[in-house]
Structure formats: C-alpha cells, structure tokens
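Dropping the structure in here first, questions after.
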Amino acid sequence: SQAPEKARLAGDLNIHRKLNAWIRIDSARQIVELRIGKVELGQGILTAVSQVCAEELDVDISRIQMVSGDTALVPDEGVTAGSFSMPYCATAVQAAAAEVRAILLGLASTKLGQSVEQLQVQDGVIRANNGAQIRYWDLLIGESLNQEATGLVKTKPVNQHRYIGRSVPRPDLQAKIMGEAIFVQDLRPKGMLFGQVVRPPSHGARLVSANLSAIEKMPGVVKVVRNGSFLGVIAKREAQAQAAAVAVQNACQWQVPKNLPQTHEMSAWLLKTSPDKIIPTKKQSRATSASANTPIAREIEAQYYRPYHMHASIGTSAAMATLDKEGVLTIQTHSQSVFQTGEAIAKMLGMPKEKVRLQHVQGSGCYGHNMADDAAADAALLAVQVPGQSVRLQYSREQEHAWEPYGSAMVIKTKASLDAQGNVLDWDYTLWSTPHGTRPSGEPGNLLSAAYLEKPFAMPKPINGGGPNYAADRNAIALYDFPGHNVTTHFITEMPWRVSSTRGLGAYANVFAIESFMDELAHANGADPVDYRLRFLKDARARDALVKAAEKFGWSQWKKTPGRGRGIAFAKYKNIAGYCAVALEVEVNKQNGRIRVLRAVASADCGHMVNPDGVSNQIEGGLIQSLSWTLKEEVQMNETQVLSRDWNSYPILTFSEIPPIEVVLIDRPGQPYLGTGEASQGPTGAALANAVFDATGVRFRTLPLTPDRVLQSL
C-alpha cells in the first residue's frame with residue numbers, strides 16, 4: 001500500500017519539513033535561534049523574517065538570533081532572488097514558529113497541569129490562569145522539535161499582531177551608517193594572506209606564454225599560481241600581491257580574438273543572430289472575443305532597446321577562503337546562491353561537496369548575479385595552494401567592471417491595431433534577448449575562472465526558465481485586458497559577453513517597452529495616460545495602485561509649463577508579485593539635453609506588509625537604481641574588450657541627482673506576502689521616458705537618455 005500523501009506546507013517549509021531545521025530554543029542563552037537559507041542583500045529580509053518569528057512565538061524580537069546562509073547549518077532555500085524571500089521564506093518561518101509555539105504550550109500544559117486554553121505567553125513566559133508559570137527556556141524539550149511540521153496549526157489572526165505591520169528598525173543599519181566592519185570586504189583575520197588574480201585582456205583570450213619565475217622572488221610573495229590560463233598570486237601584504245599581479249600581467253603573452261560586436265552594433269546583432277528558441281510566451285487570438293469582427297481603424301508600431309547594464313557594485317566583490325587540516329574548505333562570501341555556488345566550487349576543485357562550506361557575509365553592493373560567486377571560486381583556487389592559511393581576495397574596480405556578468409541587452413518590437421475609439425484590438429509584442437540567468441547552479445562552468453583552467457569547464461547551455469517567473473520575458477505579458485494578445489520571445493543563447501541576472505531580469509526592459517507603448521497609444525488617441533490604462537486594466541488591485549500614485553502625484557491638478565513634463569507607468573512584478581506604479585515630473589534643458597527629475601511618487605502593494613519602512617526603502621532603492629539605468633548606464637565595448645572600466649566610463653546616478661521620493665503604501669492585511677525588492681524597477685524607466693516625451697514632444701525608445709542622445713534628437 002502507498003504511504004498517504006503529505007499535506008503541502010507553507011513556502012519552503014514544504015521542502016524542509018523538520019521544525020528544528022528552522023527553529024531551535026537555546027535554553028542557556030534564553031534566545032530563539034532562527035535558521036534560514038535566504039540572505040541579506042540590503043533588502044531587510046532578516047529583519048522582516050525575525051518579526052514574523054517573534055510574532056508567532058510570542059517572544060521579544062531581541063531574542064531572535066538569526067543564522068543565515070551558512071551551508072553547514074541552514075536549510076537550502078536556493079537562490080535569494082526574484083522577490084521570493086517573503087513569499088517562500090517568511091511564510092515557512094511563520095508556519096514553523098506557530099507549530100513550535102503550539103508544541104511548547106503542549107509541554108507547558110503537561111508540566112503545569114493546566115489546559116492549553118488556560119495558558120498565555122508573553123516574551124517566552126507561559127502563564128496559567130491560576131498564576132502558575134514556566135518559561136520556554138525551562139521546558140525540557142529534548143527532541144520535541146525534531147519532527148515534521150503538520151501544517152495544521154493556524155497562525156495568529158491579524159488583529160493580534162504586535163510585530164507584523166510595524167516598522168521595526170533594522171539592526172544592521174547603524175553599523176553600516178557608522179562605517180563599522182561588517183561587510184565581507186572588511187574581513188581581516190590575523191595572519192591572513194592576500195590573493196590577486198590576473199585576467200586576460202578579454203573573454204576570448206588565451207594564454208600563449210608566461211615567464212613567472214622571477215615573480216616568485218618578489219618581496220612578500222608566497223606563491224604564484226598558474227592553472228591553464230588562470231593566473232593568481234598570494235602574498236603576505238595586499239600591496240605586495242598587487243605588485244606581483246602587475247608583474248604577472250606584464251610577463252604574459254595572450255592571443256586576443258577580434259570578433260565581438262561593438263556598442264552601437266548590439267541592437268542589430270540581436271535582431272540578426274539566430275535564436276536558440278522562439279518561444280510563444282502568450283498566444284491569444286481575438287477571433288473568439290466580442291470584438292472579433294470589429295474593423296481596424298489604425299495600426300501603430302514601435303521598437304525599443306535596452307543596453308547592457310552592470311551591477312556596478314560600490315564595493316568590488318571579495319571573499320575569504322581557508323582549507324583546514326581536516327580538508328574542509330570554508331569560504332566567507334556575499335553570494336546570493338551559497339548552496340549552489342558551494343557545489344560548483346566543489347566540482348571545480350574535485351572535492352566532495354560536504355567538504356566545501358560557504359558562509360554568507362553581507363557585501364557592499366549587489367542585486368543580482370555580480371562577481372561574488374567568482375570571487376568565492378578564485379579565493380578557493382588560491383587557498384587550496386596554501387592549506388591552513390586564510391586567503392583574502394578582492395577585485396580591482398577595473399576587474400569588476402570589465403568581467404562581471406552584465407544585464408542582457410534587449411530589443412522589443414510592439415504593434416497594436418486599434419478600433420475607431422482607440423481601443424486596442426490586437427497587441428503583438430516580440431522581444432529578442434540573450435540570457436538573464438547564468439548563476440553557478442551547482443555547475444563549475446558558470447564560474448568565470450573555471451573556463452580558463454588547464455582542464456576547463458564549459459558553461460552549461462542557459463535556459464529561459466518557466467512561467468510565470470520568466471527571465472527574458474519576465475513581465476512581457478501585459479497585465480492589460482486586450483482581445484488579441486500575442487507575445488513571442490527570441491531567446492538567444494549565444495553571448496558575446498557574459499550576461500546574467502541584474503535586478504528585475506527582463507522586467508525592466510519589458511515594462512519600459514509596454515508602458516512606453518501604452519503612453520504612445522494614449523497620446524495618439526488624445527487620451528489621458530492614466531484614463532487610457534484604466535480602460536484595459538481589470539485587476540482591482542492594479543487599478544488601485546495606479547490611481548493612488550496618480551492622486552498622490554496630483555495628476556489631475558498638474559499644470560503644463562515649458563520644458564517640464566510628467567509621466568506615469570505601472571506593473572505587477574512578474575504578474576504574480578508586488579504591484580507598483582510610478583509617476584515622475586522632469587525638466588529637460590533643451591540647450592544641453594540634460595534631464596532633471598524633479599520629484600517622484602510611487603505606490604506599492606506587496607500584500608500583507610510586515611515592515612512598512614522596509615517596503616518603502618525597497619521601492620525607493622529600486623526607483624533610484626532604475627533612474628540611474630535609464631539616464632546614464634550603458635556598457636561600452638569594442639571588437640575585443642569592454643571599455644567601461646571605471647566610474648568615468650560607466651557613470652551612475654549621484655546623490656545630487658536623486659529627486660524627492662514619496663511612497664504610498666497599500667497594505668492588504670491577511671493577503672499573501674508578494675515581495676517588493678524589484679517591483680519599482682520597470683515602472684520607473686517607463687515613467688521617465690513618458691515624462692521626457694511630455695516635456696519635449698520627442699519619443700525616446702533607445703536607452704539610456706543621456707544628454708548627447710537627448711540633444712541629438714531635439
């Protein structure tokens with residue numbers, strides 16, 4: 001007979017069902033140890049998940065001690081990405097904490113001889129109606145949490161929440177603001193060595209010869225490492241390692257191919273390159289709709305382009321690695337994928353995966369797949385050469401800029417047929433994109449240096465993922481209700497440059513194109529952009545987000561003045577996560593082409609809000625980064641290499657260019673957590689382009705909107 005099928009549990013609790021995988025009661029320290037596989041990237045997830053745990057366990061939040069991203073201790077929750085931490089991790093912790101509380105109350109009931117209904121909990125102290133009490137820390141629980149969750153214990157009703165819904169201060173912020181050493185870039189254990197790697201001139205280059213013998217005699221040099229075309233040095237001091245790396249660079253001869261598309265050729269390259277797959281992302285004919293026989297009055301077409309983007313992390317990627325006498329390699333890293341990266345490094349080194357332990361340490365700057373994983377792998381390659389000693393590695397700015405996995409360039413073509421009233425009859429949307437996901441998902445080929453070893457590892461063929469959480473076609477399906485609605489994805493796996501996940505993946509370009517085109521259709525029909533969107537927007541929460549942003553902005557009262565414009569855009573991230581609308585006011589200087597964003601308003605509906613301040617921070621941060629992408633950022637390349645190697649050749653938004661930002665929070669108590677971290681990325685870029693059109697009468701479809709590009713078009 002078959003075993004009965006287990007009930008589906010909340011979020012990632014369904015994968016890791018043992019309660020003690022997540023929660024442990026530490027009687028000695030009188031704390032709750034909470035273990036999660038998701039990690040802190042600046043999105044405030046550790047604070048929000050602590051709030052959820054403290055809420056359900058009825059303990060003060062100060063008693064929650066978090067263990068996060070240590071592959072030897074925490075449940076494997078996969079990659080921290082895609083705004084999935086709240087829907088999958090927080091829900092798991094909430095359900096697990098509710099069950100642990102129920103178990104503790106059951107044990108207390110036995111100890112005190114009182115029914116569970118007679119018991120109340122305050123900060124871990126269980127009190128009975130007759131005055132008897134016992135603390136969580138005094139209960140001899142033994143193996144009582146070493147059991148699977150049942151999913152039968154209900155979480156607290158909303159009206160009893162003390163922590164969920166409150167703006168609890170993030171405990172990590174003070175140290176960051178005061179410049180304390182909490183980032184992986186700050187690690188300086190006693191006796192550590194310094195590592196540096198030497199990169200080829202470009203991705204396709206191969207080492208022809210290298211005369212390295214004299215470099216080993218340089219001051220402080222412990223070891224020069226060569227493995228195929230991978231080169232590295234280890235020294236006692238950082239300056240010595242840097243000097244040795246320069247000497248290695250000068251001692252090498254490289255074969256450098258000249259076969260890469262240049263910056264100005266990328267749009268044409270994408271359109272002419274054969275896709276690996278042509279994906280019918282959405283096929284909906286209006287033949288069966290009420291408007292099947294409505295005559296077409298006009299057709300409108302447009303083409304949009306998003307260039308390569310860097311993560312441009314303020315702190316360059318770093319890692320620390322140590323091979324101990326037991327043969328365990330421990331790596332401190334700011335990777336978002338500690339389990340998968342650990343497995344990939346183990347395979348690269350030919351080690352059992354249980355002998356490679358990754359410990360997440362926060363890093364200065366990342367939202368997506370930057371070089372954190374590569375730094376972990378490079379530190380490992382060097383550390384195994386000097387067993388028993390810690391090796392610290394951090395890339396130079398030039399290395400980070402030139403070698404990180406970029407956000408993919410994309411071309412999007414849109415076409416709409418309209419009836420006599422300007423209503424959309426057929427919406428055709430076609431996109432061309434290289435991959436958005438080449439993280440080291442357990443395979444060495446996605447680690448940069450693995451491709452240059454004497455026995456190289458090939459990059460696995462990238463995939464586009466599946467719906468509704470797509471990659472290239474993330475948010476390519478408009479949330480609007482059109483009778484005919486077709487979306488086609490040309491997924492190109494050939495990569496002139498290494499590309500992977502930047503914040504939002506394909507959603508930034510797709511929302512930019514959809515919401516710019518909606519704006520074009522509104523203006524072509526003499527309709528107000530907000531009213532025009534509401535014609536086709538049936539989702540009540542989507543309408544709410546759009547209307548609230550417009551109201552806060554003062555859309556209906558806004559007066560047109562020369563050189564100034566307003567724009568608005570909306571998206572529901574991935575069509576399954578947070579709702580966000582953004583309205584901007586801009587001023588365009590027609591003498592020099594400079595765009596100044598005067599103010600920004602955003603609305604956010606991420607379901608039941610755990611930490612309102614955290615939600616606001618994420619919406620603001622995404623909006624600022626998106627302004628930077630849209631106004632300034634584009635990776636410059638020639639036929640052999642990346643040219644954007646510093647902040648002059650790859651400028652980002654400065655403090656003085658950030659506008660005042662207002663965020664309207666829409667709370668949905670009792671609704672699922674939807675995730676917020678990437679919700680404002682797409683709407684911001686489109687709102688900016690729409691505002692610039694309103695200010696100038698010129699429609700910009702190619703990003704970024706640099707002064708030169710604006711001036712040329714004007």
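The values are calculated or read from the model by the stated rules, or taken from the named source; none is laboratory data. Small disclaimer: the values here were computed from a predicted structure and weren't measured. Note: ideal-geometry Cβ built from the backbone for every residue, glycine included; neighbour counts use all protein chains shown. When the accessible area is computed, the model is the full protein with side chains, heavy atoms only, and any ligands, DNA or RNA have been set aside. Shrake-Rupley method; radii C 1.70, N 1.55, O 1.52, S 1.80 Å.
Using a 1.4 Å probe, what is the accessible area per residue for the chain, in Å²?
39 Å²
Still on this structure, please answer the following. How big is the convex hull of the Cα atoms of the chain, per residue, in Å³?
192 Å³
Roughly to the nearest percent, how much of the accessible area of the range 620-665 is carbon and sulfur, given a 1.4 Å probe?
52 percent
A further question follows. Considering just Cα atoms, how many Å³ per residue does the convex hull of the range 286-409 enclose?
Numbers: hull volume 21.6 nm³, N = 124.
Hull volume normalised by residue count: 174 Å³.
Starting from the range 127-175, pick out the trypsin sites (Lys or Arg not before Pro) whose DSSP state is loop and whose Cβ has at most 14 other Cβ atoms within 10 Å.
On the way: sites: R127, R135, K154, R162, R166; in loops: K154, R162, R166.
Those satisfying the criteria are K154, R162.
Here is a further query. Give me the Debye-computed log₁₀ of I(q)/I(0) at q = 0.11, 0.15, 0.18 Å⁻¹ for the range 538-617, equal point scatterers on Cα only, no solvent, two decimals.
Cα-only, vacuum Debye calculation for the range 538-617: -0.36, -0.62, -0.80.
Count neighbours as other Cβ atoms within 10 Å of each site's Cβ, and list the trypsin sites (Lys or Arg not before Pro) in the range 312-357 that are DSSP loop with at most 10 such neighbours.
Those that pass, being in a loop and sparsely packed, are K325.
In 5 Å bins starting at 0, how do the alpha-carbon pair distances of the range 1-58 split up by percent?
4, 13, 20, 24, 17, 9, 5, 4, 2, 1
Moving on. State, as an integer percentage, the relative contact order of the chain based on alpha-carbon contacts under 8 Å between residues 6 or more apart. Numbers along the way, then the final one.
Details: 1635 pairs, mean separation 99.4, N = 714.
That works out to 14 percent.
Taking K353 as the anchor, which aspartates and glutamates have their alpha carbon closer than 13 Å to its alpha carbon, excluding any fewer than eight residues away along the same chain?
Counting by Cα, and skipping residues close in sequence, K353 has these aspartates and glutamates nearby: E343, E443.
Something else: What helices does the chain have that are whole DSSP H segments, at least 30 Å long along their own axis by Cα, and with mean Kyte-Doolittle hydropathy of -1.0 or more?
Membrane-span-like by this rule: 91-112.
Setting aside same-chain residues fewer than 8 positions from K111, which aspartates and glutamates have a Cα under 18 Å from its Cα?
Cross-link targets: D138, E143.
Separate question: What do you reckon, how do K590, K258, K455 stack up by accessible area (1.4 Å probe), largest on top?
Values: K590 110, K258 150, K455 170 Å².
Of K590, K258, K455, the descending order of accessible area is K455, K258, K590.
Any idea what diffusion coefficient the range 1-146 gets from Stokes-Einstein, in µm²/s, Kirkwood Rh on alpha carbon pairs, 37 °C, 0.692 mPa s?
206 µm²/s
Now, a different point. Roughly speaking, to the nearest percent, how much of the range 252-307's 1.4 Å accessible area is carbon and sulfur?
Here carbon and sulfur together make up 47 percent of the probe-accessible area.
Please tell me which of these pairs span more than 24 angstrom C-alpha to C-alpha: K347/K461; K38/K632; K18/K38; K38/K552?
Details: K347/K461 18 Å; K38/K632 32 Å; K18/K38 17 Å; K38/K552 34 Å.
With Cα atoms farther than 24 Å apart: K38/K632; K38/K552.
How big is the antiparallel share of DSSP beta bridges in the range 1-155, given as a percent to the nearest 5? Spell out each step's value before the answer.
On the way: 12 of 17 bridges.
So the antiparallel bridges in the range 1-155 amount to around 70 percent.
Next up: In Å, what is the Rg of the alpha-carbon atoms in the range 622-674, and how long is Dmax?
Both quantities, over Cα of the range 622-674: 17.6, 55 Å.
Binning at 5 Å from 0, report for the range 109-231 what percent of all alpha-carbon pair distances ends up in each bin.
Using 5 Å bins, I get a P(r) of 2, 6, 9, 9, 9, 8, 7, 8, 6, 6, 7, 7, 6, 5, 3, 2, 0 for the range 109-231.
How many percent of the accessible area of the range 487-561 is carbon or sulfur, using a 1.4 Å probe?
With neighbouring chains kept in place, the figure for the range 487-561 is 49 percent.
Using the C-alpha atoms of the range 452-536, what convex hull volume per residue, in cubic angstrom, is computed?
Cα convex hull per residue, to the nearest whole number: 127 Å³.
What FRET efficiency comes out for Q636 versus R535 if R0 is 45 angstrom and r is the Cβ-Cβ distance? Round to the nearest 0.05.
0.65
For the range 475-582, what is the relative contact order in percent, using Cα pairs closer than 8 Å and at least 6 residues apart in sequence?
Details: 80 pairs, mean separation 35.3, N = 108.
Dividing the mean separation by the residue count of the range 475-582 yields 33 percent.
What distance in nm separates the two pseudo spin-label positions at S62 and V256, each 7 Å out from Cα along the beta-carbon direction?
For the pair S62/V256, the computed spacing is 5.9 nm.
Remind me, what semi-axes does the range 563-661 give for its equivalent ellipsoid, largest first in whole Å, using sqrt of 5 times each Cα gyration tensor eigenvalue?
Ellipsoid half-lengths, sorted descending, are 28, 20, 13 Å.
Please report the Cα spread of the range 326-465 along all three principal axes, rounded to whole Å, starting with the longest.
76, 28, 24 Å, listed from the longest principal axis down.
Which aspartates and glutamates, on any chain, are close to K190 with Cα under 14 Å apart, when same-chain ones fewer than 8 places away are left out?
List returned: E238.
Compute the distribution of all C-alpha to C-alpha distances in the range 484-598, in bins of 10 Å from 0, and list the percent of pairs in each, rounded to whole numbers.
11, 36, 32, 18, 3
Tell me the mean residue ellipticity at 222 nm calculated for the chain from its helices only (DSSP H runs of n ≥ 4, each -39500 (n - 2.57), averaged over every residue, nearest 500).
Here the helix-only value at 222 nm equals -7500 deg cm²/dmol.
Which one of G622, F84, L431 has its Cα pushed farthest toward the positive end of the charge dipole of the chain, where Lys and Arg give +1 and Asp and Glu give -1 at the Cβ?
Of G622, F84, L431, it is L431.
Once the whole set of protein chains is in place, how much accessible area is left on T155, using a 1.4 Å probe, in Å² to the nearest 10?
Around 60 Å² of this residue is reachable by solvent.
Could you tell me the center-to-center distance, by alpha carbons, between the range 22-46 and the range 611-682 in angstrom?
28 Å
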